[in-house]
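As C-alpha cells, the structure follows; a few thoughts come after it.
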Amino acid sequence: MIIEQQDVDTETRLVKSIGSTGKGGGAAASRRILRGDDVRLARNVRELRPYIGDVADVLERAYARGERILLEGTQGTGLSLFQGTFPYVTSRDTTVSGCLAEAGVAPTRVRKVIMVCRTYPIRVGSPPKSTSGPMGHVLSWAEIARRSGLDVRELRKHERGSVSGKRRRVAEFDWAQLRRAAVLTNPTDIALTFADYISADNREARRFEQLTEETSTSSKRSSGSRPPR
C-alpha cells in the first residue's frame, strides 16, 4: 500500500492525542479496506516494479526445498489493534497469528515462536497534556542508569522512537503484561533483551553463564517460582 500525503494529514490528530508516529500507515490501511478508487499498491507504481516479486511463489519454493523461513514481527503484542490497550495501539495486529496472516504463511508450518521481551518495557513518549497509553510503575532513564551503571546520556540518546524520534517512556517489568503476551503468542522460547539495563557488565555477555550473578540468579528464581503479584 502506498502511503499518500493525505494519509499523513489524516493522522495529525493522532500525533497530538496518543503519541502516534503520524506517518500515515493507519490511514492508508483504512483506505485500502474501503477499496477506494484512490488506492495505489506498490505494483501500480512503475518505479517500484523492479523491487517487487511474488512472495507466495518464493515461499512455496522454500517449502519444497525444506528451507528455514524466519519472520520478524513488528512492535509489541500490547500494541495489537485487536488485543492491545485500545485506542493506544498501532494500526495492525502485532500478534504471531497476525504476522503470519500478513506474510501469507500457514500457522501449521511454524516450528518455533520466539517471544522477545525487554527487561524494562517501553512506550513512545506522551504528547503534551495527553498520554501514549497505560504502563505499570513508570521509571526515569536516570533511575535505569543508577541501577545499571550505564551512562544516562547514552540512554537518553538511544531510547527514542525509531520512526518518530520521540524519547521513550520506560517502566518496571510487568508480569501481567508478560502473561497476557504469552497467552496470545504461545511461545516455544523466550528471549530476554537489554540485560545490560540490569547491569552494565552484561554488555560483554554472549551466553547465560556470562551474566552477572545478580542477573542470572534473578532469572532462575523468576523461571522457577510464581511471579510476584
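Only the coordinates and a few stated rules stand behind these numbers; no lab work does. Source: prediction; values computed, not measured. FYI the Cβ positions are ideal-geometry reconstructions off the backbone, even for glycines, and counts take in every protein chain you see.
General remarks:
- Arg65/Arg146 FRET efficiency (R0 41 Å; Cβ-Cβ; nearest 0.05): 0.20
- Placing +1 on the Cβ of every Lys and Arg and -1 on the Cβ of every Asp and Glu, with nothing else charged, gives the stretch 67-224 a dipole about its Cα centre of roughly 380 debye.
- Loop GluC sites (Glu not before Pro), the stretch 39-117 (other Cβ atoms within 10 Å of the site Cβ: 14 or fewer; DSSP): Glu67, Glu72
- The calculated 222 nm mean residue ellipticity attributable to helices in the chain amounts to -9500 deg cm²/dmol, summing -39500 (n - 2.57) over DSSP H runs of n ≥ 4 and dividing by all residues.
- Folded to 0 to 90 degrees: helix 55-64 orientation relative to the chain principal axis, Cα: 60
- Classified by the C-alpha gyration tensor, the stretch 1-138 has an oblate form. Its axis ratio a/c, with a ≥ b ≥ c, is 1.5 or above, and a/b does not exceed b/c.
- At most 14 other Cβ within 10 Å, DSSP loop - GluC sites (Glu not before Pro), the stretch 112-178: Glu172
- The stretch 1-52 - charge dipole about Cα centre, Lys and Arg +1 at Cβ, Asp and Glu -1, debye rounded to 20: 180
- Straightening the chain between Ser97 and His137 buys 11.5 nm, computed as 0.36 nm per residue apart minus the Cα-Cα spacing.
- Theoretical gain in end-to-end length, Val116 to Ala205 [0.36 nm per residue, Cα-Cα removed]: 30.3 nm
- Positive dipole terminus of the chain, leading residue within Gln5, Gln83, Ser97 (C-beta point charges): Gln83
- Full extension of the chain between Phe194 and Arg160 gives 10.8 nm of extra length, using 0.36 nm per residue less the Cα-Cα distance.
- Percentage relative contact order, the chain, counting C-alpha pairs under 8 Å, at least six apart: 18
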